[in-house]
Amino acid sequence: MLLAPAAAAGSRREGRGAVELHAVELIRLELPLVVSLATSAGEHAVRPIVLVRLITDSGEGYGECEALAEPIYTEEYADGAARVLADHLVPRLLAGGPLEASSPAAAGLERLRPVRGHRMAKAAVEMALLDAWLRGEGRSLADFLGATSRHVPAGATVGIVPTAEVLGRVAAAAAAGYRRVKLKIGPGHDVEPIGAVRAEFPALVLAADANGAYRLDDPGDRRALELIDGLGLAALEQPLAAEDLVGHAELAAALVTPVVLDESVADEQDLQAALALGACVGVSLKAARLGGLLAACRVRDRCLAAGVRMAAGGMLETGLGRAASLALAGCPGFDLPGDLGGSERYFVPDLTPAHRVVDGELAVPDGPGLGVEPRPDVLAATRTGAELIRAPS
Ligand code: MG
């Protein structure tokens, strides 16, 4: 047998104080999205995934790299993340010998620190470390992160399509039980669709996400933002470019609508700068963007301490990454409309058993580790390649 990981918790060599890393398999997948998602930055139709399968002496864990097909959300993209994982991150992780068993994820991340950036790739390694470790401990990720809710409100995101189609998609989401909807917007596709949805579905909690499409030096954009502010949105996400914290501070002061930052906040320092400038009322937390779940928890704690509101963000992730997103979303403080929808909105079948929306809510997985595993049949059907990297002997 190629590798014989000790899968059962009982085979853990207790008391040794270290987790031995045997190998990492990087598995490439491609999953077609049920409905392609158009944003102001581009369209997502197929979801390439890099799965990190970590094989240790105490079991296996999976991590999902959530970098998109193209570098249009952040600089990272799936092919680039696969290379940086194979050439730089996984070799560093495996070269360092056993990991301290009391906090293997933090210890593993520390080995990746010399590599600049590449937060989504690092987050995938961290997720696999946490999954493997917590499975061995018989503990759920939700419990480890401090989740207190067993269910979280689901959110439906509707892409940039003609307004009649926006209305149709919102109606379908509402019929499926969603009570929170986020519209992707951009210049020329904003006041009309938001106003139409507002008029037809007054009870829905409605937010809008511009993915950085507006500019304050454009009079037309300024006027549009003023008009959007009158439409009763629960949140306006990332209206300006990621780098424009000063512009966001001006908007946050001028608008009644809560300004929420997504792309602008890649780490704790960005959050600190945003808070110092008064650039936002809320932040969308995505572990992938922030470099992992441990980093996301630090940002969460700073937000809680500073009274910054939070949304549970999503990255069109599969059921695997969604399980981690749900565990984070189950923590206190997430009161802004989030991105986390049921599997049926993304992938049919999903990579894992489906996350289902019941009464507008999703269950936070409570099994050991991520609480879900890839379905072998979907893994086989969507797999496009794999690379096995062994620890040096
Ligand atoms: Mg966003």
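At q = 0.07, 0.15 Å⁻¹, what is the base-10 log of I(q)/I(0) for segment 143-363 according to the Debye formula with one equal point scatterer per Cα and no solvent? Please give it to two decimals.
At q = 0.07, 0.15 Å⁻¹ the computed log10 ratios are -0.20, -0.95.
Below 8 Å between Cα atoms, with a sequence gap of 6+, how large is the relative contact order for the chain in percent?
Computed value for the chain: 21 percent relative contact order.
If you roll a 1.4 Å probe over the chain with all protein chains in place, what percent of the accessible area is carbon or sulfur?
Summing carbon and sulfur atoms, their accessible area is 53 percent of the total for the chain.
Return one whole number: the accessible area per residue of the chain in Å², for a 1.4 Å probe.
Ligands and nucleic acids excluded, the figure is 39 Å² per residue.
Between Gln272 and Ala45, what is 0.36 nm times their sequence separation minus the Cα-Cα distance? Round to one decimal in nm.
Taking Gln272 through Ala45 to full extension adds about 78.2 nm, to one decimal.
Using a Gaussian network model of the chain with C-alpha springs under 10 Å, which one of Leu204, Leu227, Leu245 is most mobile by mean-square fluctuation?
Most flexible of the set in this elastic network: Leu227.
Starting from the Cα of Ala106, step 7 Å along the direction of its Cβ; do the same at Arg83; then give the gap between the two resulting points in nm.
Computed distance between label sites Ala106 and Arg83 equals 3.4 nm.
Could I have the simple spin-label model distance between Arg390 and Ser149, label points 7 Å from Cα toward Cβ, reported in nm to one decimal?
4.7 nm
Set Lys and Arg Cβ to +1 and Asp and Glu Cβ to -1, take the dipole of segment 143-363 about its Cα centre, and tell me which of His355, Leu216, Ala172 lies farthest positive.
Of the options given, the answer is His355.
I'd like the FRET efficiency for Arg113 and Asp366, computed as 1/(1 + (r/R0)^6) with the beta carbon distance as r and R0 of 35 Å, rounded to 0.05.
Once the sixth-power term is evaluated, E becomes 0.65.
Any idea what the dipole of segment 271-393 comes to, in debye rounded to 20, about its Cα centre with Lys/Arg Cβ at +1 and Asp/Glu Cβ at -1?
420 debye
Charges only on Cβ, +1 for Lys and Arg, -1 for Asp and Glu: so what's the dipole of segment 143-363 about the Cα centre, in debye to the nearest 20?
580 debye
Taking 0.36 nm per intervening residue step and subtracting the Cα-Cα distance, what contour gain separates Glu75 from Glu20 on full extension?
Between Glu75 and Glu20, full extension yields 16.5 nm more.
If R0 is 35 Å, what FRET efficiency do you get for Ala175 and Arg215 from their C-beta distance, rounded to 0.05?
0.40
Treat segment 136-216 as a sphere of radius equal to its Kirkwood radius over Cα pairs and apply Stokes-Einstein at 25 °C in a medium of 0.890 mPa s; give the translational diffusion coefficient in µm²/s, rounded to a whole number.
169 µm²/s
With springs only between Cα atoms under 10 Å apart, run a GNM on the chain and tell me which of Pro332, Pro202, Pro91 wobbles the most.
Sorting by GNM fluctuation, first place goes to Pro202.
Can you give the extra length, in nm with one decimal, that the chain gains between Asp377 and Ala253 once fully stretched, where that is 0.36 nm per residue apart less the Cα-Cα distance?
39.5 nm
Pairs of Cα atoms under 8 Å, at least six residues apart: use those to get the relative contact order of segment 143-363, whole percent.
This gives 23 percent for segment 143-363.
Can you tell me the orientation of helix 191-200 relative to the chain, as the angle in degrees between its alpha-carbon axis and the longest Cα principal axis, to the nearest 10?
90 degrees
For Cα pairs less than 8 Å apart in space and 6+ apart in sequence, what is the mean separation divided by the residue count of segment 224-336, i.e. the relative contact order in percent?
21 percent
The values are calculated or read from the model by the stated rules, or taken from the named source; none is laboratory data. A quick note: this is a predicted structure, and the numbers were derived from the prediction, not measured. Don't worry about glycine lacking a Cβ; one is built from the backbone with ideal geometry, like all the others, and counts go over all protein chains shown. In case anyone asks, the SASA skips ligands and DNA or RNA and just uses the protein heavy atoms, side chains included. Shrake-Rupley method; radii C 1.70, N 1.55, O 1.52, S 1.80 Å.
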